[in-house]
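Taking it in order: structure first as structure tokens, then the write-up.
Coordinate-derived values only; no laboratory data. Since we're looking at a predicted model, the values are computed, not measured. As a convention, Cβ positions derive from the backbone with ideal geometry for all residues, glycine included, and neighbour counts pool all protein chains shown.
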Amino acid sequence: MKLPVQAQELFDRVRSRANRSTSQPAAPTRDPIVRRMKFDFDGAEIPRHWAGGSPVWTAIANSLNLVFPDGERFFVRSVNHFMDELDPVADAELRDRVKRFYGQEGQHAHEHERLFEIIRGHGYDIDAFLRPYRRIAYQWLAPKVPPKLRLSITAALEHFTATFAEQALTLRVLDEFAPPVMAELLLWHAAEEIEHKDVAYEVLQRIDDSYSLRAAGLVAATIVLTGFWLHGIVVLLRQEPDLRPAELARDYAAVRAKGQGIGATMPAAFMAYLAPDFHPSKVPNDALALEYLESIGRRHG
């Protein structure tokens with residue numbers, strides 16, 4: 001697919017991170033700030049097919065919304081398991097950033113969970129996805145995964161969310177694609193993912209900086225995220241009684257073109273993470289996040 005100019009520039013930028021040495025020094029980190037947002041979902045007009053008027057893209061976005069809250073809590077538990085191993089003196093700054101990371105992830109989970117009732121109100125049986133997702137991912141699978149691998153999976157998923165965040169904040173497709181309150185929710189979440197993008201990774205490096213552990217976490221994270229996300233999409237699309245296969249294919253193709261390449265950078269982001277000297281703080285997207293967070297702070301402050 002030929003990408004629009006802005007999307008192609010973003011794709012080339014992310015791909016270059018996988019193809020060049022990342023030996024430049026890490027950028028100074030900015031402490032995450034816990035912002036207590038309360039988006040006005042009840043007072044907003046959010047149609048059933050709120051993502052570009054498309055059943056397909058609405059299912060893609062709603063599925064991610066359903067995955068987020070329990071996923072955020074998994075991240076917190078995975079990092080918190082090792083909190084006592086961080087030295088209170090030598091790692092004091094990192095420990096403080098971890099606590100701020102907890103606060104941000106808690107706010108993300110809270111706001112996305114508030115959206116569940118909106119999705120239910122549109123007639124979707126979201127429990128048809130949530131029940132097996134929670135049972136398989138967190139009651140059955142997570143307890144069987146060694147704690148270090150859970151931490152590595154968390155660090156990899158944080159890299160993925162920060163990459164999606166950079167796409168969303170660069171392309172700004174959501175401004176045209178979604179009702180204002182939904183665009184604000186997703187862009188706020190995106191910007192804060194960039195703000196704490198290196199916290200879980202830093203904890204992983206302190207606990208075990210093994211390359212094989214990092215790579216294993218990336219592979220596991222990719223499989224798990226893709227599997228549950230796709231399952232959620234299928235569950236939601238099956239609840240679109242008027243959507244025929246031919247219409248679904250046309251809808252997906254049209255919205256994919258309109259989406260201007262969102263997701264096109266993920267394979268390159270995967271490879272960048274595998275660079276031996278990779279570090280999230282070397283990815284130069286902090287100013288992008290700060291600009292948006294300052295703007296939303298002015299609107300909600």
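Qualifying trypsin sites (Lys or Arg not before Pro) in region 153-240, where qualification requires a DSSP coil assignment and no more than 14 other C-beta atoms within 10 Å, comprise R238.
For the pair R172 and E113, label points projected 7 Å from Cα toward Cβ lie 3.4 nm apart. Net charge around V224, counting only other residues with Cβ within less than 13 Å of its Cβ (Lys, Arg = +1; Asp, Glu = -1)? Charge balance in the 13 Å sphere: +1. Applied to region 265-280, the Karplus parametrisation 6.51 cos²θ - 1.76 cosθ + 1.60 on θ = phi - 60° returns per-residue 3J(HN,Hα) values of 8, 5, x, 5, 5, 4, 5, 4, 5, 7, 4, x, 9, 4, 8, x Hz, with x for Gly and Pro.
Give, in nm to one decimal, the length gained when the segment between A246 and R95 is fully stretched (0.36 nm per residue of separation minus the Cα-Cα distance). Before the final figure, lay out each step's value.
Details: separation 151, 0.36 × 151 = 54.36 nm, distance 5.25 nm.
Extra length from A246 to R95 when fully extended: 49.1 nm.
Close Lys pairs in the chain, defined as Cα atoms under 30 Å apart and 8 or more places apart or on different chains, number 15. Listed values for region 238-244 are Karplus-derived 3J(HN,Hα) couplings in whole Hz (6.51 cos²θ - 1.76 cosθ + 1.60, θ = phi - 60°), namely 5, 9, 9, x, 8, 8, 8, and x replaces Gly and Pro. So if R0 is 25 Å, what FRET efficiency would R131 and A44 give, r being the distance between their Cβ atoms, rounded to the nearest 0.05? That gives a FRET efficiency of 0.35. Helical runs (DSSP H, four residues minimum) scored at -39500 (n - 2.57) apiece and divided by the length of the chain put the mean residue ellipticity at 222 nm at -22000 deg cm²/dmol. Between the alpha-carbon centres of region 53-96 and region 134-155 there is a gap of 12 Å.
Among the listed options (i) 1.04; (ii) 0.98; (iii) 0.95, the one matching Rg/Rh (Cα atoms, Kirkwood Rh) as calculated from these coordinates is (iii). A simple rule links phi to the HN-Hα coupling: the Karplus curve 6.51 cos²θ - 1.76 cosθ + 1.60 with θ = phi - 60°, which for region 113-119 gives 5, 4, 6, 4, 5, 5, 5 Hz, with x for Gly and Pro. Taking label points 7 Å from Cα along the Cα-to-Cβ direction, I33 and S212 give a separation of 4.4 nm.
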